[in-house]
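What follows is calculated from the coordinates using simple rules that are stated; it is not laboratory data. If you're wondering where the values come from, they're calculated on a predicted model, not measured in any experiment. So basically every Cβ, Gly included, is an ideal-geometry build from the backbone, and we count neighbours across all protein chains shown.
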Amino acid sequence: MNRVWIGAIIVTVLIGVAASAAPRIEVDNATYEFGSVMEGMFVRHVFVISNTGDQTLEISRVRSTCGCTTSALPTNSLAPGQSVELEVVFDTVGYGGREVTKSLYIESNDPQTPKLWIHMKGNVGKLGPTHIAQGDLQYLLYVLIDLRSPEEYDAGHIIGAINIPFSQLGEYIGRLPSGLLMIVYDADGALSDQAVAVLIQNGYHDAKSLYGGYAMWVENQGTTMIWPVQE
């Protein structure tokens, strides 16, 4: 009889241990306080997500509130003891003069914490009327390339254009900034289409050709946007 009771107790203990085995999600710091920044700055922080349980943690979703973006996780599956970094970026444009708390949540198969909340908190200073936010400038930035000869460029070009003759374009592949709108033009549009094809093949997917080139621009827009100033 004693053996029966002992066996029953062992089985009960084993069942209890098996039932308690589960993943457990934890974060190194649930609230990141970034202090005070000026409007237009990007606040970046890396949260470290860990599995402190004894079963595999499966992360099903990372959802942010308005104003924050997150990078893709390198993996959504964490073995016991493993960790993963989650980068969060908060764009402060439009939040000037406010104390801000931005929240995100991570959904997983942790039975105790199926939705883990994390936060970014701080004060955003307001810009003056003569200032422009860094985020706004980033949205406005583009690269304008004049493919004509240096002599033609010096004689007159669209304001803001840099001179890279078509024959030298290949030397700048890898040196030009990526991720921005890139507009190229030549005298009449004949070479700019070819230049765009080269740029796109090399990873500059936002490259565009100015239809009609420099000649059509001057014909339609005049010389008010041409530098040096035309007499």
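Some points to look at:
- Around the Cα centre of segment 141-227, unit charges on the Cβ atoms of Lys, Arg, Asp and Glu (plus for the first two, minus for the last two) sum to a dipole of about 280 debye.
- Fewest-first ordering of 196, 229, 88 by other beta carbons within 10 Å of each residue's beta carbon gives 229, 196, 88.
- Near residue 38, the amide H atoms lying under 5 Å from its own belong to 125; only residues 5 or more places off or on other chains count, and H is placed 1.01 Å from N.
- The length gained by stretching the chain between residue 180 and residue 107 to full extension, at 0.36 nm per residue less their Cα-Cα distance, is 22.9 nm.
- Near residue 183, the amide H atoms lying under 5 Å from its own belong to 143, 144, 145, 208; only residues 5 or more places off or on other chains count, and H is placed 1.01 Å from N.
- Estimated vicinal HN-Hα couplings, Hz - segment 107-117 in sequence order (Karplus 6.51, -1.76, 1.60; Gly, Pro = x): 9, 8, 8, 5, x, 7, 10, x, 10, 9, 9
- Converting phi to 3J(HN,Hα) with the Karplus coefficients 6.51, -1.76 and 1.60 and the offset θ = phi - 60°, segment 134-148 yields 4, x, 5, 5, 4, 5, 8, 5, 8, 10, 10, 10, 9, 8, 6 Hz in sequence order, with x at every glycine or proline.
- Dividing the mean sequence gap of close Cα pairs (under 8 Å, 6+ apart) by how many residues segment 141-227 holds gives a relative contact order of 32 percent.
- Between segment 172-190 and segment 25-74, the alpha-carbon centres lie 36 Å apart.
- Using 0.36 nm per residue and subtracting the Cα-Cα separation, the extra length available between residue 52 and residue 198 on full extension is 47.6 nm.
- Cα→Cβ-extended label distance, 7 Å offset, between residue 155 and residue 28, nm: 6.0
- In the chain, the longest principal axis of the Cα atoms and the axis of helix 2-20 are about 20 degrees apart.
- The stretch between residue 65 and residue 21, if pulled fully straight at 0.36 nm per residue, gains 12.6 nm over its current Cα-Cα span.
- Relative contact order of the chain, defined on C-alpha pairs under 8 angstrom at six or more residues apart (%): 16
- Note on residue 208: aspartates and glutamates with a C-alpha under 18 Å away, same-chain residues under 8 apart excluded, are 146, 186, 188, 193.
- What you get for segment 24-125, charging only the Cβ of Lys and Arg (+1) and of Asp and Glu (-1), is a dipole of about 240 debye around the Cα centre.
- Taking 13 Å as the straight-line reach from the Cα of residue 115, the aspartates and glutamates in range (excluding those fewer than 8 positions away in the same chain) are 26, 58, 107.
- Within the chain: Cβ-based charge dipole about Cα centre, in debye rounded to nearest 20 (Lys, Arg +1; Asp, Glu -1): 1360
- Using R0 = 45 Å, the C-beta based FRET efficiency linking residue 42 and residue 82 works out to 0.95.
- The ranking of 116, 180 by Cβ neighbour count inside 10 Å, starting from the fewest, reads 180, 116.
- Of 96, 76, 210, farthest towards positive along the dipole that unit charges on Lys, Arg, Asp, Glu beta carbons give the chain: 76
- Overall form of segment 141-227 per C-alpha gyration tensor (a/c, 1.5; a/b vs b/c): prolate
- Degrees separating the helix 192-201 axis from the principal Cα axis of the chain, which is the longest one: 20
- Phi angles across segment 40-50 convert, under the Karplus curve 6.51 cos²θ - 1.76 cosθ + 1.60 with θ = phi - 60°, into 3J(HN,Hα) values of x, 7, 9, 9, 10, 8, 10, 8, 9, 9, 10 Hz, Gly and Pro given as x.
- Each residue, residue 216 and residue 141, gets one label point 7 Å from its Cα in the Cβ direction; the gap between the two is 2.9 nm.
- Förster-model FRET efficiency, 22 Å R0, residue 223 and residue 163, C-beta, rounded to 0.05: 0.75
- Residues of type aspartates and glutamates that residue 126 reaches as a straight line, Cα spacing below 18 Å, ignoring anything fewer than 8 places off in the same chain: 39, 91, 99, 136
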